[in-house]
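Inspection log for the structure reproduced underneath, given as structure tokens.
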Amino acid sequence: MLPPRMLGLLMLLALLSDVNGMCPTDFEGPILDPPEIIGTYGQSVYVNCSSNSDLIDGIAWKIGNNSLDLQEEIYFLLETVSLTDWSMTAECIIQLNEIHKCSKDLKITVYQNPEVSVSVQEVNVSAEGTLYKVRCDAMNVAPVQNLTVTWHRNNQIITTASFNDTTKTPVNVSSDVLILISRRENVVQIECKAQLDLGLHGPQFPAVSKMNLSALYAPEFILKHNESISVLEGDGVTLNCDPEGNPPPVLHWTHDGVNLLENTSSLEIAYVNTSTTYTCTASNHLGSTTKHVSVHVIRGTTPEPPSTTERDCPITVSPAEIVVRFGDPVSFKCSTIDTDAFGMAWNDKYRNTAVGDPPSITRSIQKLEDWDLGLLCLVIWPDYQCEKGPAITLYQNPEVSVSVQEISVSAEGTLYKVRCDAMNVAPVQNLTVTWYRNNQSMTTASFNDTTKTPVNVSSDVLILVSRGENVVQIECKARLDLGLRGPQIPAVSRMNLSALYAPEFILKHNENISVLEGDGVTLNCDAEGNPPPVLHWTHDGVNLLENTSSLEIAYVNTSTTYTCTASNHLGSTTKHVSVHVIRGTTPELPSTTERDCPITVSPAEIVVRFGDPLLITCNTSDARAVKIGWTDRLGVTEMNEPPSITWKVEQMKMWNFNPTCFVNWSDSQCGKRLDVTIYQTPDMVSVSALHLGPVVEGLQHNLTCDIYNVAPVHKLRVTWYRGKEVVLLETFEHWFSVTPVNVSSTLKVTPNRNDNGNVFRCEADLDLRPIVQPKSIHSAASASYTAVVHYAPEFKEVRDNEEVILGKNVTLGCSAEGYPPPEIQWKYISAVNLKETTVGRQKIIMITEATSTNAGVYICVATNEVGRLTRSVTVVVKDTNSTFIWLLIIGCICCLGIFIIVILLCKNSKKHGQYSFVPGNGSDGTDIPMTPKSAGEKA
């Protein structure tokens, strides 16, 4: 009699298993190590089958159609599997008892890495560049459904191709791509990488093939004009012909219709005795061009041309050259150092004359609105006059707009012809139009028109956008290159382009829905396309609704089919939704609120670094569900029995990844899309100056922070620092792209001299809150950019006058600050007792035993590339002897004046005043009588 434990096990096996190999629910079943084999064709691998239970009769392997003998009373069995069959199968069988057995299939993938080659299929040459159709052939590859072909252009991904063929044996497949190359790009490297994606146990290195492509163009001569050469009679000469072209042109020399030489750039003529013309023709399969070289013979001895000694024109116009915007004010100063000149004047083409006296005259214009004013300064002498004018460059910044001219849609993507119109720009010969694709320079156009007045010009470019690129930003920058005094900021116009494609349904298969008789139902039609498709519902040929993705049917009583058509100008597609009526009594279905898609995805939101592993679990709480599965944009990936299913990704290598977990009931389906953010921190962050020239004080300059290969860009935050101070914070929320892009942030700086030596830097970080805290994602910082500010000279000294006593020594010093350090120069009338020396950056004039000839104005000039500054010092020479004499004369005059005044005062005091009389005696000794004068008598 069997023991109770064994009897219970046998009863359980009888109830829960059958002879077809299904394992009972409480039995773990065969354990395979490894659980899956991934190997190359012809490889031999070992696999072990074991059991954790000791209540089994034995283990056996079935390799292909060959069943091996049962090995009794063992708990593991090691077997060799030779991968010599593309459809190789292996099954481990555990014998539970005499009747029942349990088995598990070994998952086997036999692969073969492809051989890859790249070739050009078609070439189309236009003014915008060369459009290549390039093919990547992947040969003898299996299984092809696991193959991904990735195209790279200069190491940047441009598109990816996959294959739906389920064949297990090796096949040959190919992928085509359109490559547009402009003349400016020189050489572009195209790379095709074919990778079998079979996880960690599959091949880790892709098969690679590369090709270099360049723009093709017809021959052009470097010096486009014809050439004239003068040669003495009897001498020899070598004629040169240097064209450019791709393919390199073949050269052909002719003279008077006679062939001379081929495929050489120079033609040597040993003896020249006749004036004649030689022709060089350069040609390739795209065209030909011709250059004529005229040889002129010089016979006999010709007199040398007389030398001309022109009288100097001592005129200085400041500024000598100026760049000014149309309508802005401008002022010029004209001066001369010639003391013999007796008149000066400004004149223009309208004969508007302003007259003045030497040594200088000024002309101010409130609004400069004449494109060719012809302004001249004249200096007049009694017997001569000369003139000199400033070089005036009058400019007007363009208005820029970008527009699409042509569109061509193919399987490789959408080819746009885009035009950039630069309107009302002058001078157009200084205009450069630069095209950018996702902030990367593509091509540049310039213009040869010498017109000074504003004109309208345009530049065209071809842009190929693939489906995998999502959105491509095209940018046109039109810049007038007029140096530091010209406009520093280009006119910019941008446009976002995306691949156009006909409508496609997200769930491509038709749909079947079961509905209770009398109930209502909502039918869904989810299509994508670009332009967004217009939806159209029909039933039995009758139009129902337009431009809505859902169709509500209030009462269903008949099984029927509804049709949804999605269409745009590129095509249309149709989906059929069959509604089946369930009649009679059926189990009660859950209410609408309960059936409101009972799906839980964990985690609900995910942030994952590109290339990292990912694990997602989907659960449903509805016991009535019959299937649960995952789907992505490529279709259904995996299905399982409820209540849960797990999606495991070893390496996240897809940028546009938003899987949907769905649950099927017998009568309906619902799904929930997972929000996945795939990020990549920048490869590099750098700061550079946008312009090529120096940073000049007072002029606006732009610093650019370039961030390379960052995703997603709408989560990017760029912070600018000056030292430790935050000066700008910029985000890119308006720019949505899930794939890595290169972006730039611009900091506008108007520096002063105190900014010289300041350090600027930028930091780029991805703001992925609230899912991920910022500290868990490292930001990338640029290297420091040290500002070197150029500023005009500024004098340290402020003295304008210097007095010196005749015969004494005096020193005049001049120094100035500026960057670059200014050059100091004195202007003066030279003398034998005057010496100029340099001490450091100071220029010193030393006058020894000053004389009257040293008196006058000394001008110090400080000049650097930013500006020019002058200051004058007036030297006054004083004679001490002459001063003494003058003082003596003045003293004598003063003394004489005082003496005369005293005498006059004395004389005046004797004629007027008080007098006293004393009686006197006469001759006889008697007193002389004193009688008062009567009032009427005269004295």
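The values are calculated or read from the model by the stated rules, or taken from the named source; none is laboratory data. This one's a predicted model, so the numbers in the text were calculated from it and none came from an experiment. Glycine also receives a Cβ, built like all others from the backbone with ideal geometry; neighbour counts cover every protein chain displayed. Quick note on the areas: whole protein, heavy atoms, side chains included, nothing else; ligands and nucleic acids left out. Shrake-Rupley method; radii C 1.70, N 1.55, O 1.52, S 1.80 Å.
Residues are listed down the side, and each one gets a yes or a no for (1) surrounded by fewer than 14 Cβ atoms within 10 Å (Cβ to Cβ); (2) β-branched (Val, Ile, Thr); (3) touching a residue at least 12 places away in the same chain (Cβ under 8 Å); (4) assigned by the TED database to the domain that holds Ser126:
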site	(1), (2), (3), (4)
Arg363	no, no, yes, no
Glu369	yes, no, yes, no
Ile380	no, yes, yes, no
Val402	no, yes, yes, no
Gln405	yes, no, yes, no
Leu415	no, no, yes, no
Met423	no, no, yes, no
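Do we find that Val177 is touching a Leu at 6+ places or on another chain (Cβ under 7 Å) and either crowded, with 22+ Cβ neighbours inside 10 Å or in a strand (DSSP E or B) (or both) in this structure?
no
Kindly evaluate Leu131 against the criterion of being outside the structural domain of Val149 (by the TED database) and of a type outside the set (Phe, Trp, Tyr).
It is false that Leu131 is outside the structural domain of Val149 (by the TED database) and of a type outside the set (Phe, Trp, Tyr).
Which one is farthest from Ser230 (Cα to Cα), of the residues in segment 278-301 that are open to solvent by less than 60 Å² (accessible area, probe 1.4 Å) and among the β-branched types (Val, Ile, Thr)?
Residue satisfying both the conditions and the ranking: Thr289.
Output the residues belonging to segment 138-174 that are open to solvent by less than 40 Å² (accessible area, probe 1.4 Å) and either basic (Lys, Arg) or under 24 Å from Leu216 (Cα atoms) (or both).
Result: Trp151, His152, Ile158, Thr159.
Do any strands (runs of 3 or more DSSP E) lying entirely in segment 457-521 carry at least 1 residues that are under 17 Å from the mean Cα position of the chain (by Cα), and which ones are they?
Those strands (runs of 3 or more DSSP E) span 471-480, 491-498.
Could you list all residues from segment 255-277 that are open to solvent by less than 30 Å² (accessible area, probe 1.4 Å) and part of a strand (DSSP E or B)?
Leu267, Ile269
Asn438 fails exactly one of the following numbered conditions: (1) on the phi > 0 side of the Ramachandran plot; (2) open to solvent by less than 40 Å² (accessible area, probe 1.4 Å); (3) modelled with pLDDT of 90 or more. What is the number of that condition?
Against the list (1) on the phi > 0 side of the Ramachandran plot; (2) open to solvent by less than 40 Å² (accessible area, probe 1.4 Å); (3) modelled with pLDDT of 90 or more, Asn438 comes up short only on (3).
Of all residues in segment 857-889, count the ones that are more than 30 Å from Leu699 (Cα to Cα) and at pLDDT 80 or above. Show your work before the answer.
First pass over segment 857-889, keeping only residues more than 30 Å from Leu699 (Cα to Cα): 857-858, 873-889.
Narrowing the set further to residues that are at pLDDT 80 or above leaves 857-858, 873-878.
Residues meeting the conditions: 8.
Tally time: how many residues in segment 541-558 are under 17 Å from Thr573 (Cα atoms) and open to solvent by 80 Å² or more (accessible area, probe 1.4 Å)?
Looking only at that region, the number is 3.
What is the number of the single condition among (1) assigned to a strand (DSSP E or B); (2) under 21 Å from Gly199 (Cα atoms) that Cys49 does not meet?
Going through the list (1) assigned to a strand (DSSP E or B); (2) under 21 Å from Gly199 (Cα atoms), Cys49 breaks only (2).
With respect to Leu10, is the statement that it is modelled with pLDDT under 80 and farther than 30 Å from Tyr111 by Cα true? Steps first, answer last, please.
Working: modelled with pLDDT under 80: yes; farther than 30 Å from Tyr111 by Cα: yes.
Answer is yes for this residue.
Select from segment 79-124 the residues that are touching a Gly at 6+ places or on another chain (Cβ under 7 Å), open to solvent by 40 Å² or more (accessible area, probe 1.4 Å) and hydroxyl-bearing (Ser, Thr, Tyr) and write down the one among them that is nearest to Gln204 (Cα to Cα).
Step by step, filter segment 79-124, then rank; the result is Thr84.
Looking only at segment 53-88, filter to residues that are of a type in the set (Ser, Thr, Tyr) and at pLDDT 80 or above; which one of those is nearest to the chain's Cα centre (by Cα)? Explain how you work it out, then say what you get.
Looking only at segment 53-88, we keep the residues that are of a type in the set (Ser, Thr, Tyr), and these are 53, 67, 75, 80, 82, 84, 87.
Right, trim to at pLDDT 80 or above and you get 67, 80, 82, 84, 87.
Working: Ser67: 66, Thr80: 58, Ser82: 55, Thr84: 54, Ser87: 52 Å.
Residue satisfying both the conditions and the ranking: Ser87.
Scan segment 722-745 and tell me whether some residue there is touching a Cys at 6+ places or on another chain (Cβ under 6 Å), under 23 Å from Trp655 (Cβ atoms) and touching a residue at least 24 places away in the same chain (Cβ under 8 Å). Walk me through how you get there before you give the answer.
First, the residues of segment 722-745 that are touching a Cys at 6+ places or on another chain (Cβ under 6 Å): 745.
Next, only the ones that are under 23 Å from Trp655 (Cβ atoms) stay: 745.
After this cut, where a residue has to be touching a residue at least 24 places away in the same chain (Cβ under 8 Å) as well, the list is 745.
There is at least one residue in segment 722-745 that is touching a Cys at 6+ places or on another chain (Cβ under 6 Å), under 23 Å from Trp655 (Cβ atoms) and touching a residue at least 24 places away in the same chain (Cβ under 8 Å).
Could you please give the count of residues in segment 180-208 that are β-branched (Val, Ile, Thr) and buried (at least 16 other Cβ atoms within 10 Å of the Cβ)?
Qualifying residue count, segment 180-208: 3.
If you go through segment 325-341 one residue at a time, do you hit one that is open to solvent by 60 Å² or more (accessible area, probe 1.4 Å), aliphatic (A, V, I, L, M) and within 24 Å of Thr863 (Cα to Cα)?
Yes, segment 325-341 contains a residue that is open to solvent by 60 Å² or more (accessible area, probe 1.4 Å), aliphatic (A, V, I, L, M) and within 24 Å of Thr863 (Cα to Cα).
Spot the failing condition for Gly698; the list is (1) out of contact with any Leu (no Cβ under 8 Å at 6 or more places or on another chain); (2) more than 30 Å from Leu482 (Cα to Cα), and only one is missed.
The failed condition is (2).
Of the conditions (1) open to solvent by 60 Å² or more (accessible area, probe 1.4 Å); (2) in contact (Cβ under 8 Å) with a residue 40 or more places away in the chain; (3) in contact with a helix residue (DSSP H, G or I) (Cβ under 6 Å, 6 or more places away or on another chain), Thr443 satisfies every one except a single condition; which number is it?
(1) is the only condition that Thr443 fails.
Is it fair to say Gly245 is among the small types (Gly, Ala, Ser), surrounded by 19 or more Cβ atoms within 10 Å (Cβ to Cβ), closer than 30 Å to Leu267 by Cα and not assigned by the TED database to the domain that holds Asp137? Steps first, please.
Numbers: among the small types (Gly, Ala, Ser): yes; surrounded by 19 or more Cβ atoms within 10 Å (Cβ to Cβ): yes; closer than 30 Å to Leu267 by Cα: yes; not assigned by the TED database to the domain that holds Asp137: yes.
Judged against the criteria, Gly245 is a match.
When the residues of segment 419-455 are narrowed to those that are assigned to a strand (DSSP E or B) and among the polar types (S, T, N, Q), which ends up farthest from Asn397 (Cα to Cα)?
Residue satisfying both the conditions and the ranking: Gln440.
Among the candidates Arg479, Arg485, which residue alone is surrounded by fewer than 20 Cβ atoms within 10 Å (Cβ to Cβ) and not aliphatic (A, V, I, L, M)?
Arg485
Would you pick out the residues in segment 632-662 that are at pLDDT below 85, among the aliphatic types (A, V, I, L, M) and open to solvent by less than 30 Å² (accessible area, probe 1.4 Å)?
Within segment 632-662, Val649, Met652 qualify.
Can you tell me which residue within segment 560-617, out of those that are in contact with a Ser or Thr (Cβ under 6 Å, 6 or more places away or on another chain) and more than 25 Å from Glu504 (Cβ to Cβ), is modelled with the highest pLDDT?
Per the criteria, the residue is Thr617.
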